[in-house]
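Undergrad: Before anything else, here's the structure in question.
The values are calculated or read from the model by the stated rules, or taken from the named source; none is laboratory data. Just so you know, these numbers come straight off a predicted model, no measurement behind them. So basically every Cβ, Gly included, is an ideal-geometry build from the backbone, and we count neighbours across all protein chains shown. The area values use the complete protein model at the heavy-atom level, side chains included, leaving out ligands, DNA and RNA. Shrake-Rupley method; radii C 1.70, N 1.55, O 1.52, S 1.80 Å.
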Amino acid sequence: MWNEINSNEDLSNFMDMHYGFHDSCLKELKYISGAYANEKFMHPINDLRILNVIFQGRFKNCDVIEMKFIGLKYLRLFPNDENYTSEILDATMIMKNDCIFWCDCGGLSEADLETYKGTTICASTVRWRAADEYIGQEEVYTRKKN
């Protein structure tokens, strides 16, 4: 069941439930633009812009959450290389101007959003669900073979 974040109260409850992403990791993500081509024509319009993200950690009532960022405005991804640890110590989520921002650093303010140099996701809508069936290293967003 998907849960939608519609208000600052929803956002605060979500962050509390997931301990502000403390000691979690961004495991996997998948982007769906909405654009495609087939044998007859091309639909070059990004009319979906959905980013699915799987986070693993130790959260209240679950170890894995899947988030769906709908109406993606942008994704700035700055992954650490193999010489550094990649756990998220804490995160920030902010609702501003009909958008929801997620950043991989806690304690950021609205003023910090423009200049923050870490991973940032901005979308019109955010949904989330517990997804413990995705625990472990196996890839989730793979195409099923017929």
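Undergrad: Working carefully through the options ASP132, ASP90, find the one that is at pLDDT 95 or above, open to solvent by 50 Å² or more (accessible area, probe 1.4 Å), farther than 18 Å from LEU11 by Cβ and among the acidic types (Asp, Glu).
TA: So the residue among ASP132, ASP90 that is at pLDDT 95 or above, open to solvent by 50 Å² or more (accessible area, probe 1.4 Å), farther than 18 Å from LEU11 by Cβ and among the acidic types (Asp, Glu) is ASP132.
Undergrad: Looking at the stretch 124-146, I want the residues that are over 17 Å from ILE70 (Cβ atoms) and assigned to a loop (DSSP other than H, G, I, E, B) and have a partner that is of a type in the set (A, V, I, L, M, F, W, C) and modelled with pLDDT of 95 or more with Cβ atoms under 8 Å, at least 6 apart or on another chain. Which pairs are those?
TA: Within 8 Å, the pairs are ILE135/VAL64; VAL140/ILE54.
Undergrad: Does at least one position in the stretch 34-53 carry a residue that is part of a strand (DSSP E or B), of a type in the set (Gly, Ala, Ser) and touching a strand residue (DSSP E or B) at 6+ places or on another chain (Cβ under 6 Å)?
TA: no
Undergrad: A further question on this structure: Name, by its number, the condition in (1) surrounded by fewer than 17 Cβ atoms within 10 Å (Cβ to Cβ); (2) aliphatic (A, V, I, L, M); (3) outside any helix (DSSP H, G or I) that does not hold for MET67.
TA: Failing condition for MET67: (1).
Undergrad: Next question, about the same structure. Kindly provide the set of residues from the stretch 70-97 that are of a type in the set (Phe, Trp, Tyr) and assigned to a loop (DSSP other than H, G, I, E, B), ordered by number.
TA: Listed by number, the residues that qualify are PHE78, TYR84.
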